[in-house]
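Colleague: Structure incoming, see below.
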Amino acid sequence: MPKHIHCAQCGQELLLLRKALKGKVYDLIEPHTCDAEVNDPIPGSGFVPMTKPHPIMMDEHFKPFKFVQKINDLNAKSAEDKRSTEHLRKELKTSTAPVNILDQIKHMQNSIPVGNINEEPEDD
């Protein structure tokens, strides 16, 4: 795909040449001097600001098509899981301990350490 390079001052399209030299490709641009008057970037008295239009969502472009309506209807109907329970994953068991012991462990209070935890223990 060709590149089009324009002058930032006058807008004239510049010639782009691509040359290979010792295994490297260089893009060369034709030298250019602006003869035209430079456009004034500050808007004059005739400047009327226009608001940017809000972008239209892509779904709105395709709503009138019948095929899209059928697909949307299928997606709405297939939202629920209709698989039988034999094909679903079984409930995972995380422990084989009795339930009352698990409840006691969940409701235990944190213990307070006897010694200072910042000091290294002495070897005996």
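Colleague: On a full-extension model of 0.36 nm per residue, what is the gain between R83 and A20, subtracting their alpha-carbon distance, rounded to one decimal in nm?
Modeller: Gain on extension, R83 to A20, equals 16.5 nm.
Colleague: Please give, to one decimal in nm, the separation of the simple spin-label points placed at T94 and N110, each 7 Å out from Cα toward the Cβ.
Modeller: 2.0
Colleague: Full extension from D103 to N72: what is 0.36 nm times the residue separation minus their Cα-Cα distance, to one decimal in nm?
Modeller: Working it through step by step, the gained length comes to 6.4 nm.
Colleague: What is the distance, in nm, between label points placed 7 Å from the Cα along the Cα-to-Cβ direction at T33 and at I5?
Modeller: 1.9
Colleague: Read phi for every residue in the range 60-72 and hand back ³J(HN,Hα) as whole Hz from Karplus 6.51 cos²θ - 1.76 cosθ + 1.60, θ = phi - 60°, with x for Gly and Pro.
Modeller: Each residue's phi maps through the Karplus curve to give 5, 5, 9, 4, x, 6, 5, 5, 5, 4, 5, 5, 5 Hz.
Readers should treat all values here as calculations from the given coordinates under stated rules, not as data from a laboratory. Since we're looking at a predicted model, the values are computed, not measured. We place every Cβ from the backbone using ideal geometry, glycine too, and count neighbours over all the protein chains shown.
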